[in-house]
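Have a look at the structure below, then the notes.
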Amino acid sequence: MDPTAATLLTLFSASLRGCAGKVGLVWGGTQLTFRDLDERSDALAAGLARLGVAKGDRCGLFAGNSVEFILTYLAHLKLGAVTVPINVLYREREVTHIVNDAGVKVITTDTERLPVLAACRDALPTVAQVLLADGDSWAETAACPGAPPEVMIEPGDLALIIYTSGTTGRSKGAMMSHANLAANILSLIEAWQLSEHDTFLLCLPLFHMHGLGVGLHGWLATGMTVHLMPRFQAEPVLATLRDAPCSLFMGVPTMYARLLELARGHPVALPAMRLFVSGSAPLAAETHAEFERLFGHRILERYGMTETCMNVSNPYEGERRPGSVGLPLPGVELRIVDGQMNDLPPGAVGQIALRGPNVFRGYWQDEEKTREAFRDGWFLTGDLGHRAADGYVTLVGRAKELIISGGFNVYPREIEEVLLTHPAVGEAKAIGVRDPAKGEVVKAYVVLAEDQTTTAGELITHCRAQLASFKVPRAIQFLDALPRNAMGKIVASELPDRDTL
Ligand code: MLC
Ligand code: AMP
């Protein structure tokens, strides 16, 4: 199929229509066929249309993994509406920015998230309707009789705006078209040999590109059966991998570290398993080796981003090289460049630049940030790496100041801005400290404002009220002054005790 001519719905019809009678989704004790998913999302789309949702409208999805999440996403696609997924760990400040920036019209949430939404509801003027996925409002909308309206959806139309943490502290909405996402999933199906014969355990959060653009799209574009779980927890995940039994699993490195902790050095047999995939953060070579020793599988590591979905992957057949993210996926062009966009020779470290049908359409209503992200038609990832003579790409660091904790992104600037809103904080600097399971965790340095006192505990409580849990500093160290260079810029490398909390 020509990826640039596809929409997600044309791809998903392979399962929704082509495998209609097959069980597509297992959720606890509930099983749904692809026909159930198709018909129930049709009814919901009709109900949403009656509420006024039309093509191009932005619809928020601020809910945990559930059947309702999937049906809502499918209904949005059927209406040509643009889904704006929101991290369920976000607090009022983060949710308000995203909802207002995207101009969200209808937002679907759930009881667990409702207090956060209720607390900022008055500050969300574009939201006409809030639907509770586990409540009556959603069920009534989803029980709408009649077919949804016929909507003409073009490959270039937007399917998603996913917010990424921003270097300026404000997150930016990455616009992904149907064609971007379709191209990506088609190349992953080819590269990883995904098919209707797989049984897939999906426990990644569906609000991020990994769970949504790789996990959910991979499932619906192939017609495999998915076992969806509300979230990752090592024991039930291992039990389901064994008992379902599953052939496919995708996770972030922290999940693999947790599975290894659970195995406690004893081998684990999973005879039906075909492929373990890891991404979103670096997989330590030790984890790769230990996992192969105990689980008998060489994890396939790949590299992606919200703005591009997946870019580079170790091969399914051929060498899965620990520490390397592998080779560019079919259709993806990759360069390692210096600051002037000159190509660097094998082994030399530079910034990774990308081009391909997977690369996003720009940041929502932010032409300046979009312009900055591209050079000569190439998307600048902000990731640093090198390419070996045989083509394997290795990531070595980041040009952007990013902390990745458990696969979730944290921009230091956002933490610093929140700390600075506390009256006792004169200056603040946040960094990532290595952590064996989470990869990195946040630590902050604070210089007190004149004549002010506070404690680390008080500042952590202050952060917890405004930031998602994975962004909250684990430790705060007080300094008399931050190390600065002659230009007055903070020199992070000269901060004391950078390796310990
Ligand atoms: C974590 N928490 C969650 C949660 N995950 N709460 C609700 N739903 C979830 N899905 C909360 C916990 O309540 C707790 O909050 C805190 O986070 C830490 O939890 P934990 O018990 O310590 O979890 P842990 O075993 O350490 O595992 C965390 C994790 C999680 C690995 C399950 O970090 C996770 O799901 N990571 C996936 C991130 C991801 O999908 N990234 C993809 C980005 S896309 P509290 O308040 O008690 O501290 C991308 C592109 C690409 O990067 O290449 O893929
Ligand atoms: P996000 O903005 O959440 O999409 O995160 C994308 C970033 O995650 C990339 O720019 C990389 O820095 C990082 N990332 C994704 N996959 C990997 C990987 N396999 N190894 C190292 N870093 C990764």
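The values are calculated or read from the model by the stated rules, or taken from the named source; none is laboratory data. Just so it is clear, the structure is predicted and the values come from calculations on it, not from any experiment. Neighbour counts are summed over all protein chains in view; Cβ atoms, including those assigned to glycine, are modelled from backbone coordinates with ideal geometry. Note: areas computed on protein heavy atoms with side chains; ligands, DNA, RNA excluded. Shrake-Rupley method; radii C 1.70, N 1.55, O 1.52, S 1.80 Å.
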- Message: Among the residues of the range 332-349, are any in contact (Cβ under 8 Å) with a residue 24 or more places away in the chain and in contact with a Ser or Thr (Cβ under 6 Å, 6 or more places away or on another chain)?
- Response: no
- Message: For the range 368-389: of the residues being part of a strand (DSSP E or B), more than 16 Å from ligand 1 (Cβ to nearest atom) and open to solvent by less than 40 Å² (accessible area, probe 1.4 Å), which is farthest from P330 (Cα to Cα)?
- Response: L380
- Message: What are the pairs with Cβ atoms under 6 angstrom where one residue, in the range 457-475, is closer than 15 Å to V95 by Cβ and the other, located anywhere, is open to solvent by 10 Å² or more (accessible area, probe 1.4 Å) and more than 10 Å from ligand 1 (Cβ to nearest atom)? Sequence gap at least six, or different chains.
- Response: Q466/R91; Q466/R93; A468/Y90
- Task: Give me the pairs, please: first residue somewhere in the range 87-112 and polar (S, T, N, Q), second residue anywhere and open to solvent by 50 Å² or more (accessible area, probe 1.4 Å), beta-carbon distance under 6 Å, and either six or more positions apart or on two chains.
- Result: T111/D134
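Taking the range 181-221 as the search range and keeping residues that are of a type in the set (V, I, T) and touching a strand residue (DSSP E or B) at 6+ places or on another chain (Cβ under 9 Å), which one is nearest to T164 (Cα to Cα)? Let's see the steps before the verdict.
Start the filter on the range 181-221 by keeping residues that are of a type in the set (V, I, T), which leaves 185, 189, 199, 214.
Right, trim to touching a strand residue (DSSP E or B) at 6+ places or on another chain (Cβ under 9 Å) and you get 185, 199, 214.
Details: I185: 20, T199: 30, V214: 17 Å.
Filtering the range 181-221 for residues that are of a type in the set (V, I, T) and touching a strand residue (DSSP E or B) at 6+ places or on another chain (Cβ under 9 Å), the one nearest to T164 (Cα to Cα) comes out as V214.
Scan the range 245-258 for residues that are open to solvent by less than 40 Å² (accessible area, probe 1.4 Å) and more than 10 Å from ligand 1 (Cβ to nearest atom) and report the count.
Of the range 245-258, the ones open to solvent by less than 40 Å² (accessible area, probe 1.4 Å) are 246-257.
Restricting the remaining residues to those that are more than 10 Å from ligand 1 (Cβ to nearest atom) gives 246-249.
Within the range 245-258, residues that are open to solvent by less than 40 Å² (accessible area, probe 1.4 Å) and more than 10 Å from ligand 1 (Cβ to nearest atom) number 4.
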- Which of the residues belonging to the range 200-243 are farther than 28 Å from G173 by Cα and open to solvent by 30 Å² or more (accessible area, probe 1.4 Å)? H227, Q233, E235, P236, A239, T240, R242, D243
- Query: Do the conditions hold for E450, that is, is it open to solvent by 20 Å² or more (accessible area, probe 1.4 Å), charged (D, E, K, R) and without any contact (Cβ under 8 Å) to a residue 60 or more places away in the chain?
  - Reply: yes
- Residue check: is S177 at positive phi and not hydrophobic (A, V, I, L, M, F, W, C)? no
- Members of the range 285-301 found to be within 16 Å of ligand 2 (Cβ to nearest atom) and open to solvent by 60 Å² or more (accessible area, probe 1.4 Å), listed by number: E286, R298
